[in-house]
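Report on the structure given below.
The values are calculated or read from the model by the stated rules, or taken from the named source; none is laboratory data. Owing to the predicted nature of the structure, the values given are computational and were not obtained by experimental measurement. Counting neighbours? That spans all protein chains shown, and the Cβs are built from the backbone with ideal geometry, glycine included. Protein only, heavy atoms only, side chains kept; ligands, DNA and RNA dropped before computing areas. Shrake-Rupley method; radii C 1.70, N 1.55, O 1.52, S 1.80 Å.
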Amino acid sequence: MELIRQRQRSFLGAFPDEIAILRNATECNNLVAQGIDLKAGDEVLIGYLEHDSNRQPWLMKAKRQGIVVKEVAIETPPSSPDEILHAFEAAITPRTRAIATRIAIRDRRLCPDQGAGQARQGQRAALLRGRRAGAWHDPVNVHDLGVDTYATTCHKWLCSPAGTGLLYVRREMQERIWPNIVTEAWWSQKDARKYEAVSRRPWPVVAALEDAIDFQNAVGRDRIEYRIRALNTYFRSRAAEIPHVKLYTSNDPRLSGAMTSLGMDNVSPLKLREYLRQRFDVYTANGPRASNIRRSARRGRNRISLHYYNTFEQVERVLQGLRELSSGKA
């Protein structure tokens, strides 16, 4: 585990004593939301299309402690990074105590995090990144971002086994966030290691995280990013030319990464998913699972995710499926 804490610096740039090795980002998000002391009336800002692993912990805290959760509306796709930043800036009030968002994941767009840090200047609000898989395919330095916490899942883009996740907690923030699970002498740990007391774990799974980090470093971070951006930029450019296809992800490299959210106005997301799977052996995700008003904002969307091991031939299979569905021949 100490080697993993050292290895993560090539991906996250955190000090080893700022990293807790947990099981996934959902656990990390819950730990932060339930561990930070807030009182009734305090406000927390989250994105309007936030994933429920970062949304529900704050809503539960609102029910239990009377805090106010404000959801910041953002267009998809946004016109510019400033649009995202200004939306959060406009929502900040004297009662704002935390900004918790995973914008880079839920709607498949990448916002320059430096801007989010600027929104925090002059405010006594914690800046909490809910969850970001993109840390494993885009260069990230949590210290440069200016965030107080940063949660990430490792079994997705890092290709580590399921059951591995990392939580960064800035040194100066560790006194403000309590651990959720404690055992004997938990108080003896004074750094981020205090958040790891989850008792027995599948240690071979944890150990494999070190190898996953080493493998991607051996391939090369810059090479992986270049490959992913080439595949996804090509896909979005060609998909935009197909009638009936609606892209919810910008092709602006400042606002996009390795995933594309799209829909078709003549085909249901379920039919799109099943046609690509059965006809082209392509597996996608579709539709929100949360049963709330946000569902209408994402109705009719499918997610296409392309990693560095994918090929342009596989991208063409997806595009061919979209063309067949668009023409009504499917």
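Reachable lysines from residue 39, Cα under 17 Å, same-chain residues fewer than 8 places away excluded?
Result set, ordered by chain and number: 61, 63, 70.
So which lysines pass the test for residue 246, namely a Cα distance under 26 Å, with those fewer than 8 places away in the same chain ruled out?
Hits, sequence-local ones excluded: 156, 271, 329.
Given points 7 Å out from each Cα along the Cα-Cβ axis, report the residue 234 to residue 83 separation in nanometres with one decimal.
Output for this residue pair reads 2.8 nm.
Taking the DSSP beta bridges in the chain as the whole, what percent of them are antiparallel, to the nearest 5?
Numbers: 20 of 34 bridges.
Counting DSSP beta bridges with both partners in the chain, the antiparallel share is about 60 percent.
What's the longest uninterrupted piece of the chain once you rule out the GluC sites (Glu not before Pro) that are loop residues per DSSP with at most 15 other Cβ within 10 Å?
Counting only loop sites that pass the neighbour cut-off, the longest clear stretch is 76-174.
What is the percent carbon and sulfur in the accessible area of the chain, measuring with a 1.4 Å probe over the protein chains and ignoring ligands?
On the way: 7640 of 14830 Å².
C and S atoms contribute 52 percent here.
If you average the alpha carbon positions of the stretch 26-93 and of the stretch 218-276, how far apart do those two centres end up, in angstrom?
The distance from the Cα centre of the stretch 26-93 to that of the stretch 218-276 comes to 27 Å.
What does the net charge come to around residue 183 if you take all other residues with beta carbon closer than 14 Å to its beta carbon, with K and R at +1 and D and E at -1? Please report the intermediate quantities before stating the final value.
On the way: positive: 193, 194, 200, 201; negative: 184, 196.
Residues close to residue 183 contribute a combined charge of +2.
Of 206, 328, 264, which is farthest towards the positive pole of the chain's charge dipole, taken about the Cα centre with +1 and -1 on the beta-carbons of Lys, Arg and Asp, Glu respectively?
328
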